[in-house]
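K.L.:
One structure coming up, written as structure tokens, with questions to follow.
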Ligand code: SF4
């Protein structure tokens, strides 16, 4: 008996052969399957620390819902392999099939024994694949936006070209609870957290698109739909997979998590051994304005946010990035430029200035009437800021104004049947 046959036999011993599909046997078979799946779900939750609600891309909270292996780390796949009666190295083989070879069908994983593949299926395991609903390429070739179907809604990812960099901007949630007043995603409300597999899959699909052009994704930013730190476990597991040497292998230096200011999440990330960059979406220089724009500021005002940013630098030794969206007559005054320099003075950081990406008719319809400042105001703001700070200040022009590249914009356009606004940023 060969090694593979022996392992198949072991697996069969744990999960006895299928019963004939008739009458009582059918019912028993069904109960057995449900039992195995529930048992495995408990195993996923208790041993691997994966929440039922987010591990499944199909039905949150349903014990019979499948678990997406794309969102599991090698050590978790090894534990699963052992749980299913196989040797641990089957987990490493699974990881390589999924992340090196891009294979999602167990039948195509030719070095896995038949019985092991059957056990995976019976355990309710899948390798998820988000369905691409729409892709838009900007006329400049500098951005491509992808709209994917997900349970309870749609999510967006953007591939951004910047010199040699190819940055994948990924979503972490379907919708968002934080209701920032300038953001199309905020209008959706919160639908659900994405599983780690769904986050990784966005990257893999963008990577495949880049590969078709002879390129590869070099950087990842968690800056798409949702607040990533409110989906901490799934996001950080996805990033560990993305960093893994047998996975997409994008180093922590090239990964950034962007937050609207969820302080407990910033502190958790600072204490985590996952070394990634932190970006804070600041967008105002007074609590009064920031509260109007970003309701989360009522709970964690600017001063607390800056303290947390300083702590992040002290723990990680990495400069924090402050994102600052310039909105005409709201955040673009000379006083704002001076205050921004002052607020960030003691924090080793970079500052990204982002002229607002107008939503056109879409914005009018949803009450988001913010405007991009005129060019001379943007230049003046930059001049004053640079004159008053030693930090690196970068102007980030939207590379996808013509494709609805602002967060949640393409989704809203799909939902309302509107065309993208003219390029504004
Ligand atoms: S800007 Fe980010 S945190 Fe704010 S509502 Fe939009 S997705 Fe949520």
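The values are calculated or read from the model by the stated rules, or taken from the named source; none is laboratory data. These figures come from a predicted structure and were not determined experimentally. A quick note on method: Cβ atoms are made from the backbone with ideal geometry, for glycine too, and the neighbour counts reach across all protein chains shown.
K.L.:
Can you name every residue in segment 250-264 that is out of contact with any helix residue (DSSP H, G or I) (no Cβ under 7 Å at 6 or more places or on another chain) and more than 16 Å from the ligand (Cβ to nearest atom)?
P.N.:
Of everything in segment 250-264, those that are out of contact with any helix residue (DSSP H, G or I) (no Cβ under 7 Å at 6 or more places or on another chain) and more than 16 Å from the ligand (Cβ to nearest atom) turn out to be 253, 254.
K.L.:
Tell me yes or no: at least one residue of segment 197-205 is within 15 Å of the ligand (Cβ to nearest atom) and part of a loop (DSSP other than H, G, I, E, B).
P.N.:
No.
K.L.:
Would you tally the residues in segment 151-179 being surrounded by 20 or more Cβ atoms within 10 Å (Cβ to Cβ) and either within 15 Å of the chain's Cα centre (by Cα) or at pLDDT below 95 (or both)?
P.N.:
Residues flagged as surrounded by 20 or more Cβ atoms within 10 Å (Cβ to Cβ) and either within 15 Å of the chain's Cα centre (by Cα) or at pLDDT below 95 (or both) within segment 151-179 amount to 17.
K.L.:
Residues that are within 26 Å of residue 273 (Cα to Cα), out of contact with any strand residue (DSSP E or B) (no Cβ under 9 Å at 6 or more places or on another chain), modelled with pLDDT of 95 or more and within 16 Å of the ligand (Cβ to nearest atom): does segment 234-243 have at least one?
P.N.:
The answer is no; no qualifying residue exists.
K.L.:
Is it the case that some residue within segment 265-280 is within 16 Å of the ligand (Cβ to nearest atom) and under 22 Å from residue 370 (Cβ atoms)?
P.N.:
yes
K.L.:
Within segment 302-313, is there a residue that is in a helix (DSSP H, G or I), away from the ligand (no atom under 13 Å from the Cβ) and free of Cβ contacts under 8 Å to residues at least 24 places away in the same chain?
P.N.:
The answer is yes, given that some residue of segment 302-313 is in a helix (DSSP H, G or I), away from the ligand (no atom under 13 Å from the Cβ) and free of Cβ contacts under 8 Å to residues at least 24 places away in the same chain.
Listed here are the residues, each with its yes/no results for (1) more than 10 Å from the ligand (Cβ to nearest atom); (2) in contact with a helix residue (DSSP H, G or I) (Cβ under 9 Å, 6 or more places away or on another chain); (3) in a strand (DSSP E or B).
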{"site": "146", "(1), (2), (3)": "yes, yes, yes"}
{"site": "149", "(1), (2), (3)": "yes, no, yes"}
{"site": "154", "(1), (2), (3)": "yes, yes, yes"}
{"site": "157", "(1), (2), (3)": "yes, yes, yes"}
{"site": "160", "(1), (2), (3)": "yes, no, yes"}
{"site": "166", "(1), (2), (3)": "yes, yes, yes"}
{"site": "177", "(1), (2), (3)": "no, yes, no"}
{"site": "182", "(1), (2), (3)": "no, yes, no"}
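K.L.:
Same structure again: Provide a single number: the residues in segment 206-225 that are part of a helix (DSSP H, G or I) and without any contact (Cβ under 8 Å) to a residue 60 or more places away in the chain.
P.N.:
4
K.L.:
Somewhere in segment 277-287, is a residue closer than 27 Å to residue 381 by Cβ, at pLDDT 95 or above and surrounded by fewer than 19 Cβ atoms within 10 Å (Cβ to Cβ)?
P.N.:
Within segment 277-287, one or more residues are closer than 27 Å to residue 381 by Cβ, at pLDDT 95 or above and surrounded by fewer than 19 Cβ atoms within 10 Å (Cβ to Cβ).
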